[in-house]
Amino acid sequence: MSKLSHKEREQLASIIDQENAMLKRVRRIIRWETILLVIFVILYIWGAYVTNDAFLPNIGPGLKTDFRWIGLIGSIVFLILMVLSFISYRNGRKGLLAKIDLYQGKENK
């Protein structure tokens with residue numbers, strides 16, 4: 001493996017910084033997707049299984065059915081988005097670590 005020139009090392013350092021910033025954004029997105037997934041799961045459970053609610057006693061069964069469907073659809077959507085974001089994060093991290101190894105001059109395995 002040949003050594004990188006000074007210009008190539010600077011370009012690689014810039015690329016590493018950009019990809020690291022993108023991975024931080026993906027981590028933030030995964031965090032928000034997880035929070036929203038939990039909210040929709042709670043909404044589904046509340047709409048499907050809670051029959052007597054002391055907090056909101058005047059909600060009819062039709063509205064609870066709507067909450068159940070909204071919770072189910074939202075849970076499925078955010079679960080799929082979270083899985084895709086996690087795969088993106090994992091693959092991006094692998095690529096970033098490979099570029100860091102190249103920057104440090106380590107040999108590929």
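Summary of values
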quantity	calculated
Residue match in the stretch 19-27 (condition: over 18 Å from the mean Cα position of the chain (by Cα), surrounded by 13 or more Cβ atoms within 10 Å (Cβ to Cβ) and not basic (Lys, Arg))	no
Residue match in the stretch 25-33 (condition: out of contact with any strand residue (DSSP E or B) (no Cβ under 7 Å at 6 or more places or on another chain) and in contact (Cβ under 8 Å) with a residue 60 or more places away in the chain)	yes
LYS64 assigned to a helix (DSSP H, G or I) and closer than 22 Å to LYS24 by Cβ	no
Pairs with Cβ under 7 Å, 6+ apart, first in the stretch 73-86 and more than 8 Å from LEU37 (Cα to Cα), second of a type in the set (Ser, Thr, Tyr) and surrounded by 14 or more Cβ atoms within 10 Å (Cβ to Cβ)	MET82/THR34
Residue satisfying all of: in the stretch 49-86; loosely packed, with under 10 Cβ neighbours inside 10 Å and small (Gly, Ala, Ser); modelled with the highest pLDDT among these	GLY62
Criterion (at negative phi and out of contact with any Leu (no Cβ under 9 Å at 6 or more places or on another chain)) met by exactly one of ILE73, ILE29	ILE73
Those residues of the stretch 1-18 which are assigned to a helix (DSSP H, G or I), charged (D, E, K, R) and surrounded by fewer than 11 Cβ atoms within 10 Å (Cβ to Cβ), in sequence order	LYS7, ASP17
Filter result (in contact (Cβ under 8 Å) with a residue 24 or more places away in the chain, assigned to a helix (DSSP H, G or I) and exposed (fewer than 15 other Cβ atoms within 10 Å of the Cβ)) within the stretch 87-109	GLY95
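The values are calculated or read from the model by the stated rules, or taken from the named source; none is laboratory data. Not measured: the values here are computed from a predicted model. Positions of Cβ are backbone-derived with ideal geometry, glycine not excepted, and every protein chain shown enters the neighbour counts.
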